[in-house]
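Notes follow the structure.
The values are calculated or read from the model by the stated rules, or taken from the named source; none is laboratory data. Since the model is a prediction, treat every value here as computed from it, not as a measurement. Note that each Cβ is placed from the backbone with ideal geometry, even for glycine, and that neighbours are counted across all protein chains shown. With ligands, DNA and RNA removed, areas are computed over all heavy atoms of the protein, side chains included. Shrake-Rupley method; radii C 1.70, N 1.55, O 1.52, S 1.80 Å.
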Amino acid sequence: MKMDRIMLKLSGEALAGDKKTGFSPEVVKEVAEQVKKVHDKGIQIGVVIGGGNFWRGRTSDDMDRVKADQIGMLATIMNCIFTADMFRTVGLKCHVMTPFLCGSMTELFDRDKAISYLEAGDIVFFAGGTGHPYFSTDMGMVLFSIEIKADVILAAKAIDGVYDSDPNVNPNAKKIDKMTMQEIVDKQLKVIDLAAAVLAAENKMPMMLFGLNKEDSIIKTVSGEFTGTVVLAD
């Protein structure tokens, strides 16, 4: 699969490591070192990070959905600012872009500027989701991937692929090596947000899901040693 320009999706929970919340500097530093090796291959890299290590939606039915989603957007921005700074420690030049103004902490998203950064070899973080409530980080991941014309989405999660049932509940669950984005839509599988899957299917955006906690998982994914689940565009 062509990988000249990729979108790397990192799970917020995965970045928390064993702590399950907040940041694990050790985990993020290890990710930074892997990304540096991928970058040194000449691959252009965009990054989207979830916010689940800080916020998992409404804390109760009494909470307003819009406010809950706004908190989630801010959680992703915190994750991107922290991770971008860790990336800088290994020699990567980074930009954090958001769909709304955040003072001087981030840059306002501009498609042409983002692409120019990528072409210059810089890492671009797409934080804050779509900037609107009722849309998940998955939607932001797919939307920005399409806008910057990424070849593929690499989704690094806490679990190493898609299974036919929950492996945490069923020890006999079987990993699915390959499927299509349309299957996710038709069967309403909870691989990614359904609306994001529809957008990806319509725009033929493929995705590769793998476990972030596997040794050198990002490097292996771009080097042909992939062991997760490939979600084909069609």
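Test residue 150 against the criterion of being assigned to a helix (DSSP H, G or I) and in contact (Cβ under 8 Å) with a residue 12 or more places away in the chain, and give yes or no. Considered against the rule, which asks whether it is assigned to a helix (DSSP H, G or I) and in contact (Cβ under 8 Å) with a residue 12 or more places away in the chain, residue 150 comes out as no. Per the listing 63, 7, 1, 97, the residue uniquely outside any helix (DSSP H, G or I), open to solvent by 50 Å² or more (accessible area, probe 1.4 Å) and not polar (S, T, N, Q) is 1. Residues in region 175-209 that are of a type outside the set (Val, Ile, Thr), closer than 25 Å to residue 31 by Cβ and touching a strand residue (DSSP E or B) at 6+ places or on another chain (Cβ under 6 Å): 5 in all. Entry remark, region 10-19: residues being open to solvent by 10 Å² or more (accessible area, probe 1.4 Å) and either hydrophobic (A, V, I, L, M, F, W, C) or assigned to a strand (DSSP E or B) (or both) number 1 in total.
Pick from region 77-94 the residues that are part of a loop (DSSP other than H, G, I, E, B) and out of contact with any strand residue (DSSP E or B) (no Cβ under 8 Å at 6 or more places or on another chain): which of them is farthest from residue 44 (Cα to Cα)? Within region 77-94, the match that is farthest from residue 44 (Cα to Cα) is 89.
Residues in region 39-54 that are over 21 Å from residue 72 (Cβ atoms) and open to solvent by 10 Å² or more (accessible area, probe 1.4 Å): 39, 40, 41, 42, 43, 44. Among the residues making up region 131-146, those that are closer than 25 Å to residue 189 by Cβ and more than 13 Å from the chain's Cα centre (by Cα) are 132, 133, 134, 135, 146. The residue list 102, 80 contains one member that is over 19 Å from the mean Cα position of the chain (by Cα), modelled with pLDDT of 95 or more and either open to solvent by less than 50 Å² (accessible area, probe 1.4 Å) or not charged (D, E, K, R) (or both), which is 102. Just so you know, in region 112-147 the residues that are assigned to a helix (DSSP H, G or I) and out of contact with any helix residue (DSSP H, G or I) (no Cβ under 9 Å at 6 or more places or on another chain) include one that is surrounded by the fewest Cβ atoms within 10 Å (Cβ to Cβ), and it is 112.
Looking across region 88-107, the residues that are in contact with a Gly (Cβ under 6 Å, 6 or more places away or on another chain) and under 13 Å from residue 48 (Cβ atoms) come down to 98, 99. Need the failing condition index for residue 172 against (1) free of Cβ contacts under 8 Å to residues at least 40 places away in the same chain; (2) under 16 Å from the mean Cα position of the chain (by Cα), just the number. Unmet condition: (2). Among the residues of region 148-161, are any touching a Pro at 6+ places or on another chain (Cβ under 6 Å) and either surrounded by fewer than 22 Cβ atoms within 10 Å (Cβ to Cβ) or not basic (Lys, Arg) (or both)? Yes: region 148-161 contains one or more residues that are touching a Pro at 6+ places or on another chain (Cβ under 6 Å) and either surrounded by fewer than 22 Cβ atoms within 10 Å (Cβ to Cβ) or not basic (Lys, Arg) (or both). Failed condition for residue 163, given (1) within 22 Å of residue 217 (Cα to Cα); (2) out of contact with any strand residue (DSSP E or B) (no Cβ under 8 Å at 6 or more places or on another chain); (3) of a type in the set (Phe, Trp, Tyr), with all others met? Failing condition for residue 163: (2). Among the residues of region 20-38, the ones that are open to solvent by 50 Å² or more (accessible area, probe 1.4 Å) and touching a helix residue (DSSP H, G or I) at 6+ places or on another chain (Cβ under 9 Å) come to 7 in all.
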